[in-house]
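Asks: Take a look at this one; I'll ask things after.
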Amino acid sequence: MAWDFEAIAKQIDEEIKTVSDSKSLEFFRIKYLGKKGLIAEMYSALSSLSAEEKPTVGKNANILKNRVTQLIEDKNQEIAGLQRNQSSKDSLDITMPGVATPIGHQHVLTQTMDEICSLFEKLGFVVQEGPEIESEFNNFTALNIPIDHPSRDAFDTFYLEEHDPHKNDRYLLLRSHTSPGQIRIMQEHKPPLAVVIPGKVYRPDAVDASHSFMFHQIEGLLVDEDVKFSDLKGLLTVFCKKFFNEKIKMRFRPHFFPFTEPSAEVDISCYKCAGKGCSVCGRKGWLEIMGCGMVNPKVFDAVGYPKGKYTGLAFGMGVERIAMLKYGIPDIRIFFENDVRFLRQF
Ligand code: DAH
């Protein structure tokens, strides 16, 4: 029998291209390399061939056998690769790096409150929290803000039930400042005492870039037998230099608060322009950061401390305002929008 080896080689090349799985590859193998396959047929024909034909047919049969063997081996690897890819899609590939779970962190306001409180803790103060729902007595009356006093207007307040302004001390409210915390502390403890009271406060203000109906304050109170205004100045100066920077200047401006006498507002020289005047400080060179004063003796009366025995200093600051100044944040609303692109920066 005469074979057209060239045509067979071509046919084999074409045929292997159509093989796509191990089953059809096995058919292919049997067809060419099987016991009754084409190559076997060629070998068994050798004995009946003439002496001239024998070497040519033998040689070509060997070439074909090697070629088919090689093609089968290549195809086997190709199919195994495909199977590997497929199965790794369905199952876990432990050689891949893991997907890290993002870890959250504290809100910038919490960080700021913690930082302020821990500075005062280092100065010997104790951190104490009070309730957000307060009595009218603690929020106003005991702090020398009587019912008909115009300063109540400065603390517009959310009352928990309809408020009759002629019935004093009857109502519960959302505290409008952290100062009622002073009353609670003094009712429970005798001097000497030094506390800071951080927390949320509420006022029915229209929301804009510098107002929010809820914000945070930190109140400070120190009471003993011989506390002086110079102690207040010294304490707040140390705090501001540590919190902002050592170079800032301080200014105590006379002011009025019903619960302190005398009272002052504290300004620091602008951290941005160092007092020259810029857009952050409104060209004034100064930034107002808190209220303070010497505890009004009427407040000591309200908590039942003996007359004339104690003096005290008090101060209160807005946490949002301080964080806005420290980090150059232009709008209070950003704190509460929970945009992680903002929050991640702190
Ligand atoms: N309670 C005041 C406010 O909300 C802040 C304040 C001023 C607190 C003077 C004080 C103080 O303790 O002495 O505006």
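Asks: Taking the condition crowded, with 22+ Cβ neighbours inside 10 Å, at pLDDT below 95 and under 37 Å from the mean Cα position of the chain (by Cα), does PHE158 pass?
Replies: no
Asks: Is it the case that segment 305-319 has a residue that's in contact with a Cys (Cβ under 6 Å, 6 or more places away or on another chain) and in contact (Cβ under 8 Å) with a residue 40 or more places away in the chain?
Replies: Yes, some residue in segment 305-319 is in contact with a Cys (Cβ under 6 Å, 6 or more places away or on another chain) and in contact (Cβ under 8 Å) with a residue 40 or more places away in the chain.
Asks: Is there a residue in segment 221-242 that is surrounded by fewer than 20 Cβ atoms within 10 Å (Cβ to Cβ), within 13 Å of the ligand (Cβ to nearest atom) and among the small types (Gly, Ala, Ser)?
Replies: no
Asks: Are there any pairs, at least 6 apart or on different chains, whose C-beta atoms fall under 9 Å, with the first in segment 249-269 and surrounded by fewer than 15 Cβ atoms within 10 Å (Cβ to Cβ) and the second outside any strand (DSSP E or B), and if so, which?
Replies: Matching pairs, first to second residue: PHE256/SER151.
Asks: Separate question: State whether the residues of segment 67-89 include one that is in a loop (DSSP other than H, G, I, E, B) and surrounded by 10 or more Cβ atoms within 10 Å (Cβ to Cβ).
Replies: The answer is no, given that none of the residues of segment 67-89 is in a loop (DSSP other than H, G, I, E, B) and surrounded by 10 or more Cβ atoms within 10 Å (Cβ to Cβ).
Asks: One residue is enough: does segment 214-225 have a residue meeting the conditions aliphatic (A, V, I, L, M), in contact with a Ser or Thr (Cβ under 6 Å, 6 or more places away or on another chain) and part of a strand (DSSP E or B)?
Replies: Checked segment 214-225: no residue is aliphatic (A, V, I, L, M), in contact with a Ser or Thr (Cβ under 6 Å, 6 or more places away or on another chain) and part of a strand (DSSP E or B).
Asks: Same structure, new question: Does MET214 satisfy the criteria of being in contact with a Phe, Trp or Tyr (Cβ under 8 Å, 6 or more places away or on another chain), more than 19 Å from PRO297 (Cβ to Cβ) and within 16 Å of the ligand (Cβ to nearest atom)?
Replies: yes
Asks: Quick check on this structure: which one of PHE259, PHE336, PHE252, PHE300 is more than 24 Å from THR237 (Cα to Cα), in the same structural domain as PHE140 (by TED's automatic domain parsing), within 16 Å of the ligand (Cβ to nearest atom) and of a type in the set (Phe, Trp, Tyr)?
Replies: On inspection, the qualifying residue turns out to be PHE300.
Asks: Same structure again: Only one residue in VAL266, VAL280 is within 34 Å of the chain's Cα centre (by Cα), within 10 Å of the ligand (Cβ to nearest atom) and over 21 Å from VAL127 (Cα atoms), so which one is that?
Replies: On inspection, the qualifying residue turns out to be VAL266.
Asks: Check segment 320-331 and report whether any residue there is in contact with a strand residue (DSSP E or B) (Cβ under 9 Å, 6 or more places away or on another chain) and part of a loop (DSSP other than H, G, I, E, B).
Replies: So far as segment 320-331 goes, yes, one or more of its residues are in contact with a strand residue (DSSP E or B) (Cβ under 9 Å, 6 or more places away or on another chain) and part of a loop (DSSP other than H, G, I, E, B).
Asks: Counting residues that are in contact with a strand residue (DSSP E or B) (Cβ under 8 Å, 6 or more places away or on another chain) and more than 12 Å from the ligand (Cβ to nearest atom), which helices (runs of 4 or more DSSP H) fully inside segment 125-200 reach at least 1?
Replies: By residue number, 136-139, 180-188.
Asks: Looking at (1) away from the ligand (no atom under 14 Å from the Cβ); (2) within 37 Å of the chain's Cα centre (by Cα); (3) not in a loop (DSSP other than H, G, I, E, B), find the lone condition where GLY275 falls short.
Replies: (3)
The values are calculated or read from the model by the stated rules, or taken from the named source; none is laboratory data. Since the model is a prediction, treat every value here as computed from it, not as a measurement. Note: ideal-geometry Cβ built from the backbone for every residue, glycine included; neighbour counts use all protein chains shown.
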